[in-house]
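Values in this text are rule-based calculations from the coordinates and carry no lab data. Treat the numbers as computed from the prediction; the structure is a model and nothing was measured. All Cβ positions, even for glycine, are placed from backbone atoms using ideal geometry, and neighbour counts span all protein chains on display.
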Amino acid sequence: MESNGGTRHEYEIRISKRAKYLRLQINELQQVTVVVPLGVSRHQINQFIDSKREWIALTQKKFASHTREQKPLQFSIPTTLELQAVNKTLTVCPIAVSTHVSSIKILDDNIVLVSYPPDEMQFAINLLKKLVKRLAQVHLTELVAKLSEKHQLHPERVIIRTQKSKWGSYSTTGTLSLNSKLMFLPAEFVELIVLHELAHIKHLNHSPQFWEFLTYLLPNARSLNRNLKHVSSLVPVWMHT
Ligand SMILES: [Zn+2]
């Protein structure tokens with residue numbers, strides 16, 4: 001604990017074998033951690049912290065206002081990822097770092113640690129989008145494999161992309177592509193989209209025969225399809241940035 005002209009700055013020191021430079025981290029509780037490479041003296045640490053006082057104060061203020069006010073969604077980091085497709089909620093813990101390096105990792109208990117420079121919110125958003133895509137890659141590929149096997153409809157390849165608006169597509173060359181945003185939809189809608197694209201293996205258009213076949217694969221396909229536009233709003237705004 002350091003005291004300085006009435007304002008007290010508490011911080012924790014973490015020695016890191018991997019760190020090359022001194023750096024600061026501030027989490028959403030405004031707790032400050034100094035990451036210290038091996039061989040750095042106490043004096044150097046103090047000098048470093050002194051040089052970062054302004055940054056610390058500014059970043060803590062940002063976190064304070066971020067938690068107090070309800071800012072427009074597109075300007076803030078989400079607190080959770082509601083991945084309804086897999087019935088999972090991930091809790092997002094943002095950590096501000098003083099370097100231009102951002103990183104993301106999933107801990108046990110579905111906690112996502114995302115570190116980013118506080119002025120570069122989009123860094124964190126981009127990492128979260130990549131994480132969703134990575135999870136989609138695993139889940140959607142498995143789901144396609146399962147449903148392909150069940151209905152004997154085998155695409156040549158499956159690709160997962162973060163597309164603007166299309167949920168999925170099937171090309172004449174046999175590529176089934178799916179949108180990573182599907183991770184935010186309830187499982188029955190994800191199944192609808194996957195079966196819709198698999199049905200295109202037999203019928204490349206949206207003819208009555210196509211719908212008949214899709215209804216055979218999934219009896220409530222039409223009613224799910226009608227409700228699809230309502231569940232679209234479950235995809236968070238930041239996924240579209
Ligand atoms: Zn279609």
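Quick notes
- Pairs are defined by a Cβ separation below 7 Å, a sequence spacing of at least 6 or placement on different chains, a first member in region 85-99 that is free of Cβ contacts under 8 Å to residues at least 40 places away in the same chain, and a second member that is surrounded by fewer than 14 Cβ atoms within 10 Å (Cβ to Cβ) and not polar (S, T, N, Q); the pairs so defined are T91/I111.
- Of S180, S207, S233, S169, all but one fail to be under 23 Å from the mean Cα position of the chain (by Cα) and within 15 Å of the ligand (Cβ to nearest atom); the exception is S169.
- Only one of the numbered conditions (1) more than 17 Å from E142 (Cβ to Cβ); (2) surrounded by fewer than 20 Cβ atoms within 10 Å (Cβ to Cβ) is not met by L214, and that is (2).
- When residues of region 151-180 are limited to those that are out of contact with any Leu (no Cβ under 9 Å at 6 or more places or on another chain) and of a type outside the set (S, T, N, Q), the one nearest to A199 (Cα to Cα): G174
- Residue that is in contact (Cβ under 8 Å) with a residue 24 or more places away in the chain and surrounded by 13 or more Cβ atoms within 10 Å (Cβ to Cβ), where the choices are I104, I159: I104
- Just one of the listed residues (L224, L147, L217, L185) is away from the ligand (no atom under 12 Å from the Cβ) and within 25 Å of P78 (Cβ to Cβ), and it is L185.
- Residue check, E156 within 16 Å of the ligand (Cβ to nearest atom) and among the acidic types (D, E): no
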